[in-house]
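Q: Dropping a structure here in structure tokens format, bear with me for questions.
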Amino acid sequence: APPGKQTMPCAAFTAGLASRVTPGLTSRAAGQPWSPQPQQRGALLLTAAKSKRDQERKAAKRAEAKELNASFAAATGDADGVDTGDIAVAVAPSGPAPYEGTGCVMQSLAICGSYKEKCGEKLLDGTVMVQEAAERLFKAPFVCASHDADDVFNYGNQAALSLWGLPWQEFVGMPSTKSAAADDGIQTERRELLDKAAENGVIRNYCGVRQARDGRKFRVEDAIVWTITNKDGEKTGQAVRFDKFTWLNEDGSEGDAMTVAENGKLVPAKSAVSADPAPEATDEPEATDAPSPEAIAAAENAIEEQATEVRRLKDEEGLTNSDPEVQEAVAALLVRKSALASMLFF
């Protein structure tokens, strides 16, 4: 240093400069590691927590989108080859009711579509829009439940949840073997039923004993069990529908005969008969809402046009699934697919 000039150690100079640039940073002795002040540590922790939450939300959206696309493919036999990747486009908004979740919406479509395919009739009466199907099925006046290819429940409507005495969160994800008593004879009979339904596609007029969570047994009556398959004919699960059952007493004798009313309410069969007057006879032919071949072809063409647009955005403009333009195009594609599903399944 020039004569008469005072010098400052490098470490002290650096700490002093940093304290002026970064508020709250104090100087430290040479060789000591720097540690943030309390207010700085709090800010760092908040930033890390926010980043973790953002990552978790993105992961949840990606999983939801993949579930939506896989379920839609199973329900509609989708073969347009468009990869929606990690785009989170929901058919129904998330909410407190199970039927508002995307997974439930798409499984409802798969159940209704496979029922019409295997049984030759609609599962839900009347004209039903796709956006209404999940709620209608959940509140239907019959028990409906389904499990996946590994025999794990992935759907149960309100009547099913009430009958087995389980909330949605516990019913979905439960092995379907637990819907019956852990009795070798009952479980063997149940397995034979499912195998026969898988072989034939559908079993009608089934009667069998099942067990609720509280241990009460009931006999299912006149149930329909059918197999859900994908576009290649591979089994992806099975479903059941029935609206009559009988509680069994501890000694095995018959108890109350029950049926299912609107909104999935379980009621005694006698009260249901007295509450519902016989419909008046009419000579008017039953209205039909079957779509014409031309309408189906137009809907299929609309899907192909939109699928081509999604590919163009990716291949020609170099956009990815995270770009708003691609997300909007995929959303429009799913809307058109839902319109076709409405024509074919409801």
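Q: Among the residues in region 156-169, are any within 20 Å of Lys235 (Cβ to Cβ) and modelled with pLDDT of 95 or more?
A: Looking only at region 156-169, we keep the residues that are within 20 Å of Lys235 (Cβ to Cβ), and these are 156.
Right, trim to modelled with pLDDT of 95 or more and you get 156.
Yes, region 156-169 contains at least one residue that is within 20 Å of Lys235 (Cβ to Cβ) and modelled with pLDDT of 95 or more.
Q: So, in region 171-206, of the ones that are in a helix (DSSP H, G or I) and touching a Leu at 6+ places or on another chain (Cβ under 9 Å), which residue ends up nearest to Ser108 (Cα to Cα)?
A: Phe171
Q: Going through Glu317, Glu309, Glu286 one at a time, which residue ends up being part of a loop (DSSP other than H, G, I, E, B) and modelled with pLDDT of 75 or more? Reasoning before the result, please.
A: Numbers: Glu309 fails: part of a loop (DSSP other than H, G, I, E, B); Glu286 fails: modelled with pLDDT of 75 or more.
Exactly one residue qualifies, and that residue is Glu317.
Q: Restricting attention to region 182-232, and to residues there that are aromatic (Phe, Trp, Tyr) and farther than 21 Å from Asp150 by Cα, which single residue is modelled with the highest pLDDT? I'd like the intermediate steps shown before the answer.
A: Quick first cut of region 182-232, residues aromatic (Phe, Trp, Tyr) only: 206, 218, 226.
Now narrow it down to the ones that are farther than 21 Å from Asp150 by Cα: 206, 218.
Values: Tyr206: 92, Phe218: 96.
Applying the filter and picking the extreme gives Phe218.
Q: Where the second residue is among the charged types (D, E, K, R) and at pLDDT 90 or above and the first is surrounded by fewer than 15 Cβ atoms within 10 Å (Cβ to Cβ) and lies in region 307-320, which pairs have Cβ atoms under 9 Å and are six or more apart or on separate chains?
A: Close Cβ pairs (under 9 Å, with a partner that is among the charged types (D, E, K, R) and at pLDDT 90 or above) amount to Thr320/Lys314.
Q: If Cys112 satisfies all but one of (1) under 21 Å from Glu262 (Cβ atoms); (2) open to solvent by 10 Å² or more (accessible area, probe 1.4 Å); (3) not hydroxyl-bearing (Ser, Thr, Tyr), what's the number of the condition it fails?
A: Answer for Cys112: the failing condition is (2).
Q: When the residues of region 321-332 are narrowed to those that are without any contact (Cβ under 8 Å) to a residue 40 or more places away in the chain and assigned to a helix (DSSP H, G or I), which ends up most open to solvent (accessible area, probe 1.4 Å)?
A: Kept after step one, since they are without any contact (Cβ under 8 Å) to a residue 40 or more places away in the chain, are these residues of region 321-332: 323-325, 328-329, 332.
Applying the additional criterion that residues be assigned to a helix (DSSP H, G or I) yields 324-325, 328-329, 332.
Details: Pro324: 78, Glu325: 96, Glu328: 129, Ala329: 8, Ala332: 37 Å².
Ranking the qualifying residues of region 321-332, first place goes to Glu328.
Q: Could I ask something else about it? Just name the residue that is nearest to the chain's Cα centre (by Cα) out of those in region 235-250 that are open to solvent by 60 Å² or more (accessible area, probe 1.4 Å) and over 18 Å from Gln158 (Cα atoms).
A: So, considering only residues that are open to solvent by 60 Å² or more (accessible area, probe 1.4 Å) and over 18 Å from Gln158 (Cα atoms), the one nearest to the chain's Cα centre (by Cα) is Lys235.
Q: Please specify each residue of region 296-306 satisfying the condition of being open to solvent by less than 90 Å² (accessible area, probe 1.4 Å) and closer than 15 Å to Ala332 by Cβ.
A: Keep residues of region 296-306 that are open to solvent by less than 90 Å² (accessible area, probe 1.4 Å), which gives 296-299, 302-304, 306.
Correct list: Ala299, Ala302, Ile303, Glu304, Gln306.
Q: Tell me whether region 268-276 contains one or more residues that are within 30 Å of Lys196 (Cβ to Cβ) and at pLDDT 95 or above.
A: No; the residues of region 268-276 include none that is within 30 Å of Lys196 (Cβ to Cβ) and at pLDDT 95 or above.
Q: Ok, one more. Can you pull out every residue in region 101-131 that is modelled with pLDDT under 85, assigned to a helix (DSSP H, G or I) and not aliphatic (A, V, I, L, M)?
A: Within region 101-131, Thr102, Gly103, Gln131 qualify.
Q: Going by the conditions given, is Ala159 assigned to a helix (DSSP H, G or I), in contact (Cβ under 8 Å) with a residue 12 or more places away in the chain and surrounded by 19 or more Cβ atoms within 10 Å (Cβ to Cβ)? Walk me through how you get there before you give the answer.
A: Values: assigned to a helix (DSSP H, G or I): yes; in contact (Cβ under 8 Å) with a residue 12 or more places away in the chain: yes; surrounded by 19 or more Cβ atoms within 10 Å (Cβ to Cβ): yes.
Criteria met by Ala159.
Q: If you scan region 335-346, which residues turn out to be surrounded by fewer than 22 Cβ atoms within 10 Å (Cβ to Cβ) and modelled with pLDDT of 75 or more?
A: Listed by number, the list holds a single entry, Arg336.
Q: Return the total of residues in region 186-234 being open to solvent by 70 Å² or more (accessible area, probe 1.4 Å) and within 12 Å of Lys118 (Cβ to Cβ).
A: 2
The values are calculated or read from the model by the stated rules, or taken from the named source; none is laboratory data. Predicted model only: the values in this text are computed from it and were never measured. Cβ: placed from backbone, ideal geometry, glycine included. Neighbour counts: every protein chain shown. These accessible areas exclude ligands, DNA and RNA; they are computed on the full protein's heavy atoms, side chains included. Shrake-Rupley method; radii C 1.70, N 1.55, O 1.52, S 1.80 Å.
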